[in-house]
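Worksheet: the structure to be examined is printed underneath.
The values are calculated or read from the model by the stated rules, or taken from the named source; none is laboratory data. Given the structure is predicted, the values throughout are model-derived calculations rather than measurements. Ideal geometry is used to build each Cβ from the backbone, glycine not excepted, and the neighbour counts take in all protein chains shown.
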Amino acid sequence: MYYFYYLPFSVNKPAELKKMEIKTLLTGAFLLLGMSCITNGISSPNFITDEEFKQAELLSSSKPFTNDTPPLILPPQDTARFQTRAVGMRIWTNAQVPYMLDAKFTADMRVRVAEAINNFHKNTCIRFVPKQNRHTSWVKILYDDNVCGLAHMCMNNGAQFAKFGGGCVTSGVMTHELGHTLCLGHEQTRQDRDNWIGFDTSKCSPPGKDDLPFGLHKLYDYVSIEHYEGECYNGCYLPKQPGVTKCGSGGSLSVLDIELLNEMYGCNSDCLGYRFVNRNSLTSSSNMVLIGWEADGTPLYNCRVYHQGDIIPGKYHTASKNCDIVWGGREYAKGGSDQIEVLTNPHSNALRWVRSDTLPAGAIRGGRTASRETLYVVSCLNNNRNWMPGSYHVSGGGYYGFGGSEFKCKSGDMEFLVCT
Ligand SMILES: [Zn+2]
């Protein structure tokens, strides 16, 4: 017996649920029949081919960086189906997700799914693998015109689905749904969301809260792939942080989504094993990453904090527990009630500094702007004397703070933290 509940905007409707379950069974039956179906004389395998992954990669890399990504269409029927009390909130064993594809997919739909899977493969150690007989839990990736997107949460027993359809056949919607498969809930339903977001109840009913344990007490991520977009723009959701201009990721995984998945799934390799930890949760074994020194020799570490909608890397003082960041020409000492996270290297991975004026491969991401541009962790030489923690973005360059002011990193005087 499973317990389901729906999020958000909906109430339990047992009759509808029953209908959906029957439909799912029928879809499954069709899928089994469809596996041997031949279209135009060519049979497509029920997994993504290497060629399709390559096509998807080309498609993704040809998309220019833009701050004006239209909102993802994720209407209220994108409802994560929870079965938390029945089987627990299990993540996938060994970070492997066996999957099989709907035989109804067109070539174009298959490439959309490949793009979505690439988002996880390129940024985490999670791997979607073709289902084999020995697998006892697997996800069917389906097309269903009656939904925008819908997925079971977390790893279940036996078959479960992640589907997209209607006007929502995009890699972004599938990435969102596969995020649910991996046990990511909606950002706006996490337990501590009231600290970060309010609701105009004249425009909508606040969504319920979920009871997922992942990512709590980390910085709230307005631009998560799992954050609804349209509700921020229609005035229903009211971000409590000043300067928040965007909600949702625009279709890919956000910087914080990637970090959370790597932590959940124990991705500990050199390029995935660093962690941003709440300053109040640091321990003697946290292994904070040394970034530079004050003029008096005080060691400085990397931290990050919200300011005007950006999550900005800056310098962390262990004595004051403050995080100094620069914004708009000034340096700000953030502390008090600000939620501050500190960069740590708990697995003692090989991180190193690379002197460069432009973004090198393997640069460690530290945050992002309100408009979703990635901010990287850098250290810059101040007056040829001291290395100071700073932040770099491709469209603007590197900056650091000193003596209350903001300075641009000089050519030849900037180092990026990179994984090998
Ligand atoms: Zn969803």
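Key figures
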read-out: Index of the failed condition, residue 108 passing every other in (1) closer than 29 Å to residue 209 by Cα; (2) away from the ligand (no atom under 16 Å from the Cβ); (3) surrounded by fewer than 18 Cβ atoms within 10 Å (Cβ to Cβ); value: (1)
read-out: Matching residues in region 355-414 - criterion: being assigned to a loop (DSSP other than H, G, I, E, B) and among the hydroxyl-bearing types (Ser, Thr, Tyr); value: 356, 358, 369, 371, 395, 411
read-out: Residues of region 399-420 satisfying the condition of being within 16 Å of residue 328 (Cβ to Cβ) and touching a Phe, Trp or Tyr at 6+ places or on another chain (Cβ under 8 Å); value: 399, 400, 401, 406, 407, 408
read-out: Of all residues making up region 133-157, the number that are over 24 Å from the mean Cα position of the chain (by Cα) and modelled with pLDDT under 95; value: 4
read-out: Any chance residue 178 is within 14 Å of the ligand (Cβ to nearest atom), in contact with a strand residue (DSSP E or B) (Cβ under 8 Å, 6 or more places away or on another chain) and aliphatic (A, V, I, L, M); value: yes
read-out: Residue match in region 49-57 (condition: at pLDDT 90 or above, out of contact with any Pro (no Cβ under 6 Å at 6 or more places or on another chain) and of a type in the set (Lys, Arg)); value: yes
read-out: 2 or more residues under 13 Å from the mean Cα position of the chain (by Cα): qualifying helices (runs of 4 or more DSSP H) within region 171-270; value: 171-181, 255-264
read-out: Qualifying residue in region 105-119 (condition: polar (S, T, N, Q) and part of a loop (DSSP other than H, G, I, E, B)); value: yes
read-out: Criterion (within 16 Å of the ligand (Cβ to nearest atom) and modelled with pLDDT under 95) met by exactly one of 102, 78, 68; value: 78
read-out: Close pairs from region 164-185: first within 18 Å of residue 108 (Cα to Cα), partner within 10 Å of the ligand (Cβ to nearest atom) and in a helix (DSSP H, G or I), Cβ under 7 Å, at least 6 apart; value: 164/173; 164/177
read-out: Some residue of region 380-400 being basic (Lys, Arg) and either surrounded by 18 or more Cβ atoms within 10 Å (Cβ to Cβ) or at pLDDT 95 or above (or both); value: no
read-out: Tabulated pairs, region 226-245, first over 22 Å from residue 214 (Cα atoms) and modelled with pLDDT under 90, second aromatic (Phe, Trp, Tyr) and within 16 Å of the ligand (Cβ to nearest atom), C-beta under 7 angstrom, 6+ apart or interchain; value: 231/237
read-out: Output for region 205-225, where each listed residue is touching a residue at least 60 places away in the same chain (Cβ under 8 Å) and on the phi > 0 side of the Ramachandran plot; value: 217
read-out: Those residues of region 140-164 which are within 14 Å of the ligand (Cβ to nearest atom) and more than 15 Å from residue 251 (Cα to Cα), in sequence order; value: 147, 150, 151, 152, 153, 154, 161, 162, 163
read-out: Residue within region 158-166 that is at pLDDT below 90, outside any strand (DSSP E or B) and in the same structural domain as residue 184 (by TED's automatic domain parsing) present; value: yes
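Table: residues versus (1) out of contact with any strand residue (DSSP E or B) (no Cβ under 9 Å at 6 or more places or on another chain); (2) in contact (Cβ under 8 Å) with a residue 60 or more places away in the chain.
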residue	(1), (2)
316	no, yes
322	no, no
331	no, yes
372	yes, yes
375	no, yes
393	no, no
401	no, yes
